[in-house]
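Here is the structure we will look at, set down as structure tokens.
Bear in mind these aren't lab numbers, they're just calculated from the coordinates by the rules spelled out. A quick note: this is a predicted structure, and the numbers were derived from the prediction, not measured. Reconstructed Cβ throughout: ideal geometry from the backbone, glycine too, with neighbour counts over all protein chains shown.
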Amino acid sequence: MDSELAEVRALEAEIAVLRPACEEPPAPGGDAASVRKSFPEIYQSDSEGWESSKDLRSNLGHLESELLFLSTLTGISIRNYSKKTETLTSPEMAEKSIKKVLQRHRLSGTCHMISFQLEFQILEVQNKENLSSVITDLNIIMEPTTTYSELSEFVSRAEERRDLFMFFRSLHFFVEWCEYRKRTFKHFKEKYPEAVRLPEGASASYMRVQSTSQPGFELVIVWRIQTDEEGKVVPKLDLLTKVPRQALELDKKGVVETAAVGFRALLSVLGIEAALESLLSVLCMEHGGQSPQ
Amino acid sequence: TARTLVPGLSVLAHLEKLETQVNRSRKKLEEPQGAQAVESSLGTKIRDKLRSEVKQRQARVAVRDTSVEPDQTLEISEQKAWERKRENVKAILQAYRFTGLSGKLTSRGVCVCIHTAFEGTLLDSYFVDLVIQKPLRIHHHSIPAFIPLEEISAKYLQTNIQHFLFSLCEYLNAYAGRKYQADQLQRDFAAFLAGPLQRNSLCNVLSFTYKVELRGQAFTFCARLLYKDLTVTLPTDVTVTHQGMDTLPTSWEEQRASHENLFCTKALHKVFASFTQREKLDMSLVH
């Protein structure tokens, strides 16, 4: 009898142990994947491993379209970016509750036909009153430098002043002017194909105009795009003349001498395109000469 | 999950049935011996059922673990690659603030942020919330009233949005720069000022009186700085006049003229920093 009782007790004990093993949910890991698949909306977050890859890819797609939009809006396309942070501490600083953080940034991208690579440092100083952020170093590399020699001007100024924003502002306006210059040169080349020469292409800073009826006469329109002290981009146009000596001797009124000055006056009155148009139309519409296309 | 719970439930339901059977049997049987015999046989049944269920579960879990593993590792590494790409894109979006222009898409269009700085010191940011419709319009903004926003919008907003944004950048950065210079003067060089610095909200008209000491002599000058172009941080017109009844000796007249030139070519606080340096030099020469 005692042994049977003991057997019953033993059975009851074993049941007591086995019971919870049947009630308990399965160990995690095994069923986690199936749980995730059944409840994707609950686990959609930034926490690793919980987000379904479909949602991750759609989120990435949204971010990429935001990036494309921003690059179209600003005209600046950032391709690569990385950053390193270093906290600088010293016992004196800790005493005065001053915190200094040095950030090292690397940024590269393009703005139309120009590509840039920047490396800069920002020092963040936090004290009791305020937080200040100062750019302590700025290095800029640009391409292409041969086509756009004026670039180096504003690049060195931006580096000197550690003025990152001025660099991008000037870059934008510089590129805008370059594109406008190229379009204008191309336009006149198409309109007066015989007279207009672009020996270094439409992206160059000058245009040669040869009179079709008087080949000895030549004009060179130099169009430079410069940046001033404040980083403002200004076009600077000049007229150079090449006239045969005989003609110069005949020029009693000194028209050739004053041509450059006259051109500048014309520019201020008519603007670039109209001034060039009037100059070219005069040069190309000579007695029996070629009329514009 | 219902799938995994159901078999457990059926086992439990079965167990309950068996348990009630045991209780009923226990009540029925009055002979302890008989009762124990029934109990033990039913208990054995329950125990065996439970044992087999636990074994089955363990087997299922083991199978699932091994079958899922290779898929999971591929899934995880692919996942990690996508996550890395996403972090990269997020970082680039954040990095736009270093161009001076950043933005976030909104349900209406885009909220553009314009950041300002002066010679390396990062200053305030402003925003313009744009509604992308025909015509494009500004929903709301934080541009100060004295910046000619309406003028700039009228010129460029509809035809060349980039020009609109960068033009705003120019105005805001210039204003921030002028304000910074005036603030620095008041903060760090108050000792030089003989009276309060007078300024307007645009910080393009500044007027102040300052004293300069040189070789034991002190003179008071009154400076008036005008920034006619709102996109510049250096004044377009500067007048420095002598305050006082006495006439200025020649050397001091030279000083006055040089100050006029200094204010035109150097940032305001930097001019005063150079005065401090010169005074220090002067003192060291005297002593």
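Taking label positions 7 Å along the Cα-Cβ direction at both residue B:91 and residue B:250, the computed distance is 6.6 nm, reported to one decimal.
Going down the list B:134/B:179; A:128/B:104; A:99/B:179, which pairs span over 28 Å between their C-alpha atoms? Let's see the in-between values first.
Working: B:134/B:179 36 Å; A:128/B:104 32 Å; A:99/B:179 26 Å.
From B:134/B:179; A:128/B:104; A:99/B:179, over 28 Å: B:134/B:179; A:128/B:104.
Spin-label model, residue A:85 to residue A:64: label points 7 Å out along the Cα-to-beta-carbon direction sit 2.8 nm apart.
Averaged over the residues of B:82-90, the number of partner chain Cβ atoms lying within 10 Å of the residue Cβ comes to 6.
Modelled spin labels at residue B:20 and residue A:249, positioned 7 Å past Cα toward Cβ, are 13.3 nm from each other.
For the pairs A:186/A:236; A:100/B:80; A:96/B:90; A:232/B:155, note any where the Cα-Cα span goes beyond 25 Å. Please list the in-between numbers first.
Details: A:186/A:236 19 Å; A:100/B:80 33 Å; A:96/B:90 35 Å; A:232/B:155 19 Å.
Result: A:100/B:80; A:96/B:90 exceed 25 Å.
Calculate the FRET efficiency for residue A:229 and residue A:273 from the Cβ-Cβ distance with a Förster distance of 25 Å, rounded to the nearest 0.05.
Numbers: r = 28 Å, r/R0 = 1.11.
E between residue A:229 and residue A:273, to the nearest 0.05, is 0.35.
Give the average, rounded to an integer, of partner chain Cβ atoms located within 10 angstrom of each Cβ in A:63-74.
Details: counts 9, 5, 1, 7, 5, 0, 6, 11, 2, 2, 9, 12.
Mean partner shielding for this stretch: 6.
Averaged over peptide A:75-82, the number of partner chain Cβ atoms lying within 10 Å of each residue's Cβ comes to 5.
Highest mean packing comes first when the peptides A:265-275, A:150-160 are listed by Cβ atoms within 10 Å, giving A:150-160, A:265-275. In plain terms, the residue of A:78, B:76 with the fewest other Cβ atoms within 10 Å comes first and the most crowded comes last, giving B:76, A:78. The trypsin sites (Lys or Arg not before Pro) of segment A:173-264 meeting both criteria, a DSSP state outside H, G, I, E and B (loop) and at most 11 other C-beta atoms within 10 angstrom of the site's C-beta, are A:252, A:253. Once you reduce segment B:246-284 and segment B:95-139 to the center of their Cα atoms, the two points are 40 Å from each other. Remark: segment B:95-100, residue by residue, has Karplus-estimated 3J(HN,Hα) of 5, 4, 4, 6, 8, x Hz, where x stands for each Gly or Pro and the curve is 6.51 cos²θ - 1.76 cosθ + 1.60 at θ = phi - 60°. Across segment A:77-143, the relative contact order, built from alpha-carbon pairs under 8 Å that are at least six residues apart, equals 28 percent. FRET efficiency for the residue A:264 to residue B:258 pair, using the beta carbon distance and R₀ = 30 Å, is estimated at 0.35.
A Förster radius of 41 Å combined with the Cβ-Cβ distance from residue A:132 to residue B:78 puts the calculated FRET efficiency at roughly 0.40.
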